[in-house]
Amino acid sequence: MKFAQVRRAGKARAVVESGGCWYELNRPLHKFVGSSDLGSVSPAEMGARPVDVRIDEFIAPLNKVQRVLCVGLNFTDHAAEVGAELPTYPTIFTKFGNALIGPGEAIELPAESTKIDWEVELCAVVGRRGRHIAEDQVDDYLLGYTVLNDVSVRDWQGRTSEWFQGKNWDRMTPFGPVIVSPDELDIAGGLAMTCTVDGEVRQQGTTANMVFTPAQVVSYISTFMTLEPGDLIALGTPAGVGLSLRPRKWLGPGQTVVTSIEGIGTLTNRCEQV
């Protein structure tokens, strides 16, 4: 199944794709996340009605996201390009909801930086509360996966050994357009991941190159904290970030960034100076 949101009559409405058809629910998606109904019963049983949905109607798939947990250096090719050893344990940092935007929304480039980078990432969406989750049970706790662009303010990120201040600028992290249930994706087999800037390919990788699998990451995080419905877990980026290019390249006003993951979809976002 696929889960998403569209804006109708000025309000966010959840839409669910099943059997090749989209169905509209009567509330935003976050009102359903954590419900035993979502993903376990048919849209018709939830009182949904069939609708036509255009790709340009999608908005951020979840409202009111509070926590975004992120994994650094989780692709073998990215670790190699930045000259880092492969981590023994997942490297976890955090973002918050202030950073998030949806498909089609502008990435707001702050005047305080000229070194702003792109990072296409697979992102797990928690669908059920859980603690001490076994790796073989992780799929039972996920609503699914979406695309996330971990746009990073590199000069601020490098000011200290902690990355937080380079990762949490307002309205710089696109995610969406849809959330795809785990049973529809072969992550271990390798989903193609790409990022382009003004049509030029900057990243071209595969989920097969992850150091830690999604199941390992989710299980690891749930060892020390309770995961809540609606939490996002960004799972790292492949090689090709601007920081590692020679000469280095950064995002600038007016540029269009397109991030895509096979089987999920494409995010298109234009950069605007603020």
Residue match in the range 5-24 (condition: under 17 Å from the mean Cα position of the chain (by Cα) and either loosely packed, with under 12 Cβ neighbours inside 10 Å or over 24 Å from V151 (Cβ atoms) (or both)): no
Residue that is most open to solvent (accessible area, probe 1.4 Å) [pool: residues in the range 38-65 that are under 14 Å from R13 (Cα atoms), in contact with a Phe, Trp or Tyr (Cβ under 9 Å, 6 or more places away or on another chain) and modelled with pLDDT of 90 or more]: D52
Selected residue (only one of G102, G144, G97, G130 is free of Cβ contacts under 8 Å to residues at least 60 places away in the same chain and of a type in the set (G, A, S)): G97
Residue within the range 235-250 that is assigned to a strand (DSSP E or B) and open to solvent by less than 10 Å² (accessible area, probe 1.4 Å) present: no
Residues satisfying the stated conditions in the range 66-104, i.e. open to solvent by less than 20 Å² (accessible area, probe 1.4 Å) and under 13 Å from the mean Cα position of the chain (by Cα): V68, L69, C70, V71, K95, A99, I101, G102
Scan of the range 209-219 for residues that are surrounded by fewer than 23 Cβ atoms within 10 Å (Cβ to Cβ), farther than 18 Å from D77 by Cβ and in contact with a strand residue (DSSP E or B) (Cβ under 8 Å, 6 or more places away or on another chain), ordered by number: none
Residue check for G254: at pLDDT 95 or above and within 23 Å of L69 (Cα to Cα): no
Lone unmet requirement of (1) surrounded by fewer than 16 Cβ atoms within 10 Å (Cβ to Cβ); (2) more than 30 Å from A134 (Cα to Cα) for E262: (2)
Test: residue in the range 55-74 that is of a type in the set (S, T, N, Q), in a strand (DSSP E or B) and touching a Ser or Thr at 6+ places or on another chain (Cβ under 9 Å): no
Any pair with Cβ under 8 angstrom, 6 or more apart, that starts in the range 192-210 at a residue that is within 19 Å of V71 (Cβ to Cβ) and ends at one that is in a strand (DSSP E or B) and aromatic (F, W, Y): G205/F75; N209/F75; M210/F75
Total residues in the range 105-120, condition assigned to a loop (DSSP other than H, G, I, E, B), open to solvent by less than 20 Å² (accessible area, probe 1.4 Å) and not acidic (D, E): 3
Some residue of the range 184-198 being open to solvent by 40 Å² or more (accessible area, probe 1.4 Å), closer than 22 Å to Q5 by Cβ and either in a helix (DSSP H, G or I) or among the acidic types (D, E) (or both): yes
Matching residues in the range 134-151 - criterion: being open to solvent by less than 10 Å² (accessible area, probe 1.4 Å) and farther than 20 Å from K64 by Cα: V138
Out of R131, R171, R154, sole residue that is open to solvent by 70 Å² or more (accessible area, probe 1.4 Å) and more than 13 Å from P229 (Cα to Cα): R171
Among the residues listed as T206, T223, T268, the single one being out of contact with any strand residue (DSSP E or B) (no Cβ under 8 Å at 6 or more places or on another chain) and either over 14 Å from G72 (Cα atoms) or open to solvent by 40 Å² or more (accessible area, probe 1.4 Å) (or both): T223
Residues that are over 23 Å from D186 (Cβ atoms) and charged (D, E, K, R), drawn from the range 236-274: R246, R248, K249, R270, E272
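The values are calculated or read from the model by the stated rules, or taken from the named source; none is laboratory data. Model, not experiment: these values are computed from the prediction. A quick note on method: Cβ atoms are made from the backbone with ideal geometry, for glycine too, and the neighbour counts reach across all protein chains shown. Ligands, DNA and RNA are stripped out before the accessible areas are found, and what is left, the full protein with its side chains, is counted by its heavy atoms. Shrake-Rupley method; radii C 1.70, N 1.55, O 1.52, S 1.80 Å.
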